[in-house]
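Chemist: Encoded as structure tokens, here's the structure I'll be asking about.
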Amino acid sequence: MNNLPFSSIGPYSDSYTSTTVLSRMIEGIGFRFYWATEGLRQIDLDYRPCEDGRSCYENIEHISMLTDAISDAFAGRIYDFSNKRSGFEDYRKGALNNLYTILKALESNPDYSKISVRLNYNGQEVLTPFWNLINGPFSDIIYHTGQIVAFRRITGNPINQSVNVFVGQVMSQDI
């Protein structure tokens, strides 16, 4: 689990462009997900708020798959909904590394007009514009990361109190 991206967020850009804003959003998502999933125990992963609700583990699995879909869109690939990973650590690492890869892809190709979401639904390709990544997977990751934070609080394992999502850093207790 060492050397995973987003344990902190670096300095912000001096300029406001679509690329710098989206990059910072991805960094914020990665930072929140990193700390929401850091130090989870089996009891946390198994927690399910109700019988028909997703468990914490299933939310992490879902987030990993969402990052696969975003990564595939940036790479021009069709996302096929296949389960490419197994186990908590693999899903966590995959999601964080996908977000980092997406961040780097923004640096090399900031032309969003060339990015579309291509999905394979039952053998049929569905094509949607880049905009759907924002109201779809990116927003969904934020939503489900919040659920993970709430679930781990319920199981008595809140995130590290030194994590400051406002500044994107782990702060000393003295601040």
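Each value in this text was obtained by applying a stated rule to the coordinates, not by laboratory testing. Just so you know, these numbers come straight off a predicted model, no measurement behind them. So basically every Cβ, Gly included, is an ideal-geometry build from the backbone, and we count neighbours across all protein chains shown.
Chemist: Could you check VAL126 against (1) surrounded by fewer than 17 Cβ atoms within 10 Å (Cβ to Cβ); (2) β-branched (Val, Ile, Thr); (3) assigned to a helix (DSSP H, G or I) and say which number it fails?
Modeler: Failing condition for VAL126: (3).
Chemist: Where residues in the stretch 129-175 are part of a loop (DSSP other than H, G, I, E, B) and β-branched (Val, Ile, Thr), which of them is surrounded by the most Cβ atoms within 10 Å (Cβ to Cβ)? Let's see the steps before the verdict.
Modeler: Filtering the stretch 129-175 down to residues part of a loop (DSSP other than H, G, I, E, B) leaves 130, 155-162, 165-168, 171-175.
Still in the running and β-branched (Val, Ile, Thr): 155, 159, 165, 167, 175.
Details: THR155: 15, ILE159: 19, VAL165: 14, VAL167: 12, ILE175: 8.
That would be ILE159.
Chemist: Restricting to the stretch 45-100, name every residue that is in contact (Cβ under 8 Å) with a residue 60 or more places away in the chain and hydrophobic (A, V, I, L, M, F, W, C).
Modeler: CYS56, ILE60, ILE63, LEU66, ALA69, ILE70, ALA73, ALA95, LEU96, LEU99
Chemist: Another one. Could you check the stretch 33-119 for helices (runs of 4 or more DSSP H) lying wholly inside it with 3 or more residues that are farther than 20 Å from ASP140 by Cβ? Before you say what the answer is, go through the steps one by one.
Modeler: On the way: elements: 42-46, 56-75, 88-108.
Passing ranges, in order: 42-46, 88-108.
Chemist: Six or more apart or on different chains, Cβ under 9 Å: which pairs go from a residue in the stretch 137-156 that's under 17 Å from PHE31 (Cβ atoms) and without any contact (Cβ under 8 Å) to a residue 12 or more places away in the chain to one that's of a type in the set (Lys, Arg) and outside any helix (DSSP H, G or I)? Could you list them?
Modeler: none
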